[in-house]
Amino acid sequence: MRLSVIGCGYLGAVHSASMAELGHEVVGVDVDPGKVQALSAGQAPFFEPGLPEILQSAGATGRLSFTTSMGAAAGARVHFIAVGTPQARGSNSADLTFVDAAVDALIPHLQPGDLVVGKSTVPVGTAARLAAKIKDSGSGALLAWNPEFLREGFAVKDTITPDRLVFGLPADPEDAAHARALLEEVYATALAAGTPCVVADYQTAELVKVAANAFLATKISFINAMAEIAEVADADVTKLADAIGYDARIGRRFLNAGIGFGGGCLPKDIRAFSARAEELGRGESVAFLKEIDAINLRRRQRMVDLVVDALGGQVFQKKVTVLGLAFKPDSDDVRDSPALDVAVQLNGRGAHVIATDPEAIPNSIRLQPQLGFATDTADALHGADCVVLVTEWQEYRDLDPVALKEQVRTPLIIDGRNVLDPEAWRAAGWTYLGMGRP
Ligand code: UDX
């Protein structure tokens, strides 16, 4: 099937390559010539495991191309909208400028029977507005909403073998049947493999996405709230999470306490959800999301306070090694990264911060050039007065406390992700501090 994907950022680049890998003929359209050039050469413009491989393999088949020209979308039967919906400047709402611009630019190239498929995360009500716009254009095209649940670091796998599919369809039964048939053709491989598919209206499909992210954020802030209590009660939140996680109704996943969530989705999505609920006169229904956000931001502060306390009340000119900058491992993304924030705050208090990360240094330099960086972990650790682990890359989990003790000035480690074994580190002579652990 011929598909176009409008917007080749994180979501669109992965979606384009994955759809081509599944056998579709895909053209990705983006306004950024640099991005188009990289993708056309089979290079991912960001770090994502598995993406370069499928860009190259799908590219070699001739089924995948990228362009800055919206005209190239003409002739595709399904057009995915995969542009960003960032947090608007000066407010908590989602900025829909890019979504509207993409649809406006696409409309002249649509043909009767084409399907425009929204994948971007949007406030509930957006799809109905866009559908009216497409209808009024007289193009004869239809709109469906098909939210995306991919996780960075697993984006290719999540796209090719999703946990579930959600199709938000037009209200008119004939239009809905047409849209559904096209979506079923697009996702034939996943559907044949038995992937559950929830068929709904636009507004439910839009809400599914924000509800899923709100739930995940709530789960993380819940366990971080328990960490705050564990800290004053001298209890261990990691054992608490194990114990409650064995209850299948609760589940252990997303119950890792630490310095909290970040990234391009969860923080801005819960804020936009609150803002939209307020617009709809139901702010109180999701008022708890403000608390989720507040708990989350407190964890970064807690980390900074732990460092300051552990260093005797002031960090001025103390060398603090920050292990990790990305908002999570297997990513070079530092958008709203708690790890980068901790590094910035410590630097702001006068610490001599040396931060390292396997992939996220270039993006961090762009945002926070005042920090000290070292690409080599051993260089970063040399002579440290305090080591903080803030992104749980495998190579930091695997650090050897015995060998490391020789490199630092003071064997003090603060594990912001609770991934190290306190006993092993203490046995090697380190002062080990975790988050919500005695
Ligand atoms: C998230 C959703 O998981 C995904 O379904 C949606 O499509 C986009 O947003 P992503 O932003 O890639 O995906 O990251 P995710 O794996 O959800 O992690 C988000 C943040 O939560 C990270 O900063 C991570 O470190 C943190 N986290 C996660 C915790 O602090 N504790 C946990 O137990 C799990």
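Every number here is computed from the coordinates shown, using simple stated rules; none is lab data. If you're wondering where the values come from, they're calculated on a predicted model, not measured in any experiment. For neighbour counting, all protein chains shown are included, and Cβ atoms are generated from backbone atoms with ideal geometry for every residue, glycine included.
Numbers for the structure displayed
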read-out	value
Relative contact order (%) - the stretch 358-438, alpha-carbon pairs under 8 angstrom, separation at least six	26 percent
For the stretch 2-195, alpha-carbon Rg relative to the globular expectation (2.2 N^0.38 Å, N residues)	0.96
Sparse-neighbourhood loop sites, trypsin sites (Lys or Arg not before Pro) in the stretch 400-436 - DSSP loop, at most 15 other Cβ within 10 angstrom	409
For the stretch 129-171, the Rg and Dmax computed from alpha carbons only, in angstrom	14.3, 41
Within the stretch 121-161, backbone nitrogen closer than 17 Å to the virtual label 7 Å beyond the Cα of residue 200 toward Cβ	121-129, 144-150
Over the chain, relative contact order from alpha-carbon pairs under 8 Å, at least 6 apart, %	12 percent
Overall Cα dimensions of the stretch 299-434 - principal axes, largest extent first, Å	39, 31, 27
Proportion of all alpha-carbon pairs of the chain beyond 29 Å (%)	51 percent
Which listed pairs, of 35/319; 133/157; 133/219; 328/405; 219/318, have C-alpha distances above 31 Å, in listed order	35/319; 133/157; 133/219; 219/318
For residue 355, residues with placed amide H under 5 Å, excluding near neighbours	322, 372, 373, 374
Under the Debye formula (equal points on every Cα, no solvent term), log10 I(q)/I(0) of the stretch 7-121 at q = 0.15, 0.17, 0.23 Å⁻¹	-0.64, -0.81, -1.33
Rounded to 10°, Cα long-axis angle of helix 173-186 versus longest principal axis of the chain	60 degrees
5 angstrom amide H check on residue 434, placed H, neighbours 5+ away	415
Distance in nm between pseudo-label sites at residue 184 and residue 285 (7 Å out along the Cβ direction from Cα)	3.1 nm
3J(HN,Hα) from dihedral phi, the stretch 17-34, Karplus parametrisation 6.51/-1.76/1.60, rounded to Hz, x for glycine, proline	5, 5, 5, 5, 4, 7, x, 7, 9, 10, 10, x, 10, 9, 6, 8, x, x
